[in-house]
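The values are calculated or read from the model by the stated rules, or taken from the named source; none is laboratory data. Given the structure is predicted, the values throughout are model-derived calculations rather than measurements. Cβ sites come from the backbone with ideal geometry, for glycine too, and all protein chains shown count toward neighbours. Heavy atoms of the whole protein, side chains included, go into the accessibility calculation; ligands, DNA and RNA do not. Shrake-Rupley method; radii C 1.70, N 1.55, O 1.52, S 1.80 Å.
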Amino acid sequence: KDQVFQPSTVASSEGAVVEIFCNHSVSNAYNFFWYLHFPGCAPRLLVKGSKPSQQGRYNMTYERFSSSLLILQVREADAAVYYCAHCPGSGNTGKLIFGQGTTLQVKP
Amino acid sequence: DAGVTQSPTHLIKTRGQQVTLRCSPISGHKSVSWYQQVLGQGPQFIFQYYEKEERGRGNFPDRFSARQFPNYSSELNVNALLLGDSALYLCASSLIGGGRETQYFGPGTRLLVL
């Protein structure tokens, strides 16, 4: 069964680099997608790809079956839920498989 | 530019009723996907529509249906509501669809079934 796994909670201190890990059992997976979700707001894409990528303070590592999201200089305002997602197979169905989400806790 | 919009924001229904949720994609986007997010879980793919045709469907019963209109907006219909249908329903739009393309999400409709 195609699944995406990520830790339920990660804690960090302000100013640190935090890493959120994700791995999957998705057959013929291609892109990883990392989304940020504040409750009540629309999930927002941070970074995506099939190779290491960077968008501002967000870095994404890439291996065939795993990816990490690294957030540089973490702030209290970064406390939210982060989702890892994968596109299985050929991608023609439009289906993204999401992990359960990682809640980032930031200590001042 | 406006992002993906969804209506209503919240909805309360009782078991057995039917519900219709609406989604307007980003201007220029021709594909709309629907996801169900139960509390504490990640979004689960329901289906994707492109050019008014269903392109893909997740593991959801036939009680769930959708359609896409000529202006690319979409409606999600759920019949014979069950308590377990209580969830956040997210709509996402993309240019031409397919899972490899970036999907831009709306804020969702929170459905509570009593």
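Some observations on this one:
- Longest segment of chain A lacking trypsin sites (Lys or Arg not before Pro) that sit in a DSSP loop with at most 11 other Cβ atoms within 10 Å: A:2-63
- Estimated inter-spin distance, A:Phe38 and A:Ser8, nm [label 7 Å along Cα→Cβ]: 2.5
- 3J(HN,Hα) from dihedral phi, segment A:67-73, Karplus parametrisation 6.51/-1.76/1.60, rounded to Hz, x for glycine, proline: 8, 10, 9, 10, 10, 8, 6
- Close amide H pairs (under 5 Å, H built 1.01 Å from N) link A:Gln105 with A:Val10, A:Ala11, A:Ser12, residues at least 5 positions away or on another chain.
- For the peptide A:37-45, the mean number of other protein chain Cβ atoms found within 10 angstrom of a residue's Cβ is 6.
- Taking the Cα centre of chain A as reference, the dipole from Cβ charges on Lys and Arg (+1) and Asp and Glu (-1) amounts to some 240 debye.
- For B:Lys52, a cut-off of 16 angstrom between C-alpha atoms picks up these lysines, skipping any fewer than 8 places away in its own chain: B:Lys30.
- Shielding by partners for peptide A:60-66, expressed as the average number of C-beta atoms from other protein chains within 10 Å of each residue's C-beta, is 0.
- For peptides A:15-22, A:80-87, sequence by mean Cβ density within 10 Å, most packed first: A:80-87, A:15-22
- Only protein heavy atoms count here; under a 1.4 Å probe, B:Leu39 has an accessible surface of about 150 Å².
- Surface composition of segment B:5-109: carbon plus sulfur atoms contribute 51% of the solvent-accessible area (1.4 Å probe, protein chains only, all chains present).
- Gap separating the Cα centres of segment B:62-76 and segment A:53-106, nearest whole Å: 29
- For chain B, the solvent-accessible area works out to 47 Å² per residue, with a probe of 1.4 Å and every protein chain left in place.
- Cα-centre dipole for the protein assembly as shown with unit charges at Cβ (Lys and Arg positive, Asp and Glu negative), debye to 20: 240
- A:Arg64-B:Arg57 FRET efficiency (beta carbon distance; Förster radius 22 Å; 0.05 resolution): 0.20
- Per-residue shielding of A:96-102, expressed as the average number of other chain Cβ atoms within 10 Å of the residue Cβ, stands at 5.
- For segment B:71-79, backbone phi angles converted through the Karplus equation (6.51, -1.76, 1.60; θ = phi - 60°) give residue-by-residue couplings of 8, 6, 5, 9, 10, 10, 10, 10, 9 Hz, Gly and Pro being listed as x.
- If a spin label sat at a point 7 angstrom from the Cα of B:Thr102 along the line to its beta carbon, the backbone N atoms of segment B:27-55 nearer than 14 Å would be those of B:27, B:29.
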